[in-house]
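The values are calculated or read from the model by the stated rules, or taken from the named source; none is laboratory data. Just so it is clear, the structure is predicted and the values come from calculations on it, not from any experiment. Counting neighbours? That spans all protein chains shown, and the Cβs are built from the backbone with ideal geometry, glycine included. To get the accessible areas, we keep the full protein, side chains included, count just its heavy atoms, and leave off ligands, DNA and RNA. Shrake-Rupley method; radii C 1.70, N 1.55, O 1.52, S 1.80 Å.
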Amino acid sequence: MTTAVERQGAFVFKGGPVTLLGPEIKVGDTAPDFTVVGGDLGQVTLADSKGTVRIISVIPSIDTGVCDAQTRRFNEEAAKLDGVTVLTVSVDLPFAQNRWCGAAGIDKVKTVSDHKDLSFGTAYGVAIKEFRLLSRAVFVIDANDKVVHAEYVAAAGEHPNYEAAIAAAQAAK
């Protein structure tokens, strides 16, 4: 795994600063493409949802408290947001994501795995170098692939600003 950009101390994980690989994506940027693995083990790319507004919720691991809460919250909101695609990205294996979604009754959010090559993580600057996990973040991308909201959460145990992401998605519709 090589990348030109390393952002040292950009995220706090397990009580200490870690290095994030990849650029910091900003509002107004063209959303970078990525290839992740869906629950059926097929490839999922940004282009698969072109023409819709996308909320991309990024979590370190589906089996932890804040990640669980974040995924549940965006699942609830997705039910109310017609025309918005909601993806939850982590490096959890698709089998674990499917198991968790089934047990939690999650059916509006599409979970995808970046375990294979950290394509999403390095494109969006959320890959944690020291742990090969993703940091917590939320991106909203409009139907024309422009980033209209980008939030890099400062520490693993903190929640993102759900209201800001939802408002950005509604405004982009």
Tally of residues being free of Cβ contacts under 8 Å to residues at least 40 places away in the same chain and surrounded by 15 or more Cβ atoms within 10 Å (Cβ to Cβ) across the range 157-172: 1
Lone qualifier among Leu81, Leu20 - being among the hydrophobic types (A, V, I, L, M, F, W, C), within 24 Å of His149 (Cβ to Cβ) and at pLDDT below 95: Leu81
Count of residues meeting criterion [open to solvent by less than 30 Å² (accessible area, probe 1.4 Å) and either assigned to a loop (DSSP other than H, G, I, E, B) or modelled with pLDDT under 95 (or both)] in the range 128-141: 2
From the options Gly125, Gly102, residue that is farther than 13 Å from Gln43 by Cα and in a helix (DSSP H, G or I): Gly102
Selection from the range 29-54 of residues that are open to solvent by 50 Å² or more (accessible area, probe 1.4 Å), more than 16 Å from His115 (Cβ to Cβ) and either part of a strand (DSSP E or B) or in contact (Cβ under 8 Å) with a residue 40 or more places away in the chain (or both): Asp29, Thr30, Asp33, Lys50, Gly51
Check on Phe95, among the aromatic types (Phe, Trp, Tyr) and within 24 Å of Ala172 (Cα to Cα): no
The range 16-26: number of residues that are loosely packed, with under 13 Cβ neighbours inside 10 Å and part of a loop (DSSP other than H, G, I, E, B): 1
Subset of the range 72-110 (residues that are more than 13 Å from Ile55 (Cβ to Cβ) and either open to solvent by less than 10 Å² (accessible area, probe 1.4 Å) or polar (S, T, N, Q) (or both)): Ser90, Pro94, Gln97, Asn98
Unique residue being charged (D, E, K, R) and in contact (Cβ under 8 Å) with a residue 24 or more places away in the chain when the list is Arg99, Arg73: Arg73
Failed criterion for Val66 (all others in (1) in contact with a Gly (Cβ under 7 Å, 6 or more places away or on another chain); (2) surrounded by fewer than 16 Cβ atoms within 10 Å (Cβ to Cβ); (3) of a type outside the set (Phe, Trp, Tyr) hold): (2)
